[in-house]
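Reviewing the structure listed below.
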Amino acid sequence: MKSEREQQAAQYRGEGAEAAQSVRANAERERTVILAEAQRDAQRVRGEGDAQSIKLYADAFGQDKDFFAFYRSMQAYRDALNGHTTSFVLTPDTGFFRFFENSAGTPGKPVAPTARASSP
């Protein structure tokens, strides 16, 4: 049979474990709430930033369509040619590189083929 001291110690240990579990549960609940609120706030801020970005692009497009086309092409070049091992196999007349021909992005004059000497 357990002594009174042992019973009291077991009771205290049980109460301590119960209190510890309660503290852990409350902390986990608070953590979950904090993370959910942070994700909600982050999504709201990201959405506001996206809306602002779209508005700026729309305003820029409305002011100077040629510049906007040029700017978007420069972004595409940056993104496409970003890697150190990037390779492209494209014909020179592809629309992707139109701003390499001239600043207006319009096709340049076609280059006449060089005459080849024919041998009899």
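The values are calculated or read from the model by the stated rules, or taken from the named source; none is laboratory data. A quick note: this is a predicted structure, and the numbers were derived from the prediction, not measured. Quick reminder, even Gly has a Cβ in these numbers, built from the backbone with ideal geometry, and neighbours come from all protein chains shown. Just so you know, the surface numbers come from the protein's heavy atoms only, side chains and all, with ligands and any DNA or RNA stripped out. Shrake-Rupley method; radii C 1.70, N 1.55, O 1.52, S 1.80 Å.
Residues to consider are Glu15, Glu30, Glu37, Glu48; find the one that is within 18 Å of the chain's Cα centre (by Cα), in a helix (DSSP H, G or I) and of a type in the set (Asp, Glu). None of the others qualify; the one that does is Glu48.
Which residue pairs have Cβ atoms under 8 Å apart, sit 6 or more places apart or on different chains, and have a first residue in segment 46-75 that is under 19 Å from Gly95 (Cα atoms) and touching a residue at least 12 places away in the same chain (Cβ under 8 Å) and a second that is open to solvent by less than 100 Å² (accessible area, probe 1.4 Å) and of a type in the set (A, V, I, L, M)? Close Cβ pairs (under 8 Å, with a partner that is open to solvent by less than 100 Å² (accessible area, probe 1.4 Å) and of a type in the set (A, V, I, L, M)) amount to Asp66/Ala104.
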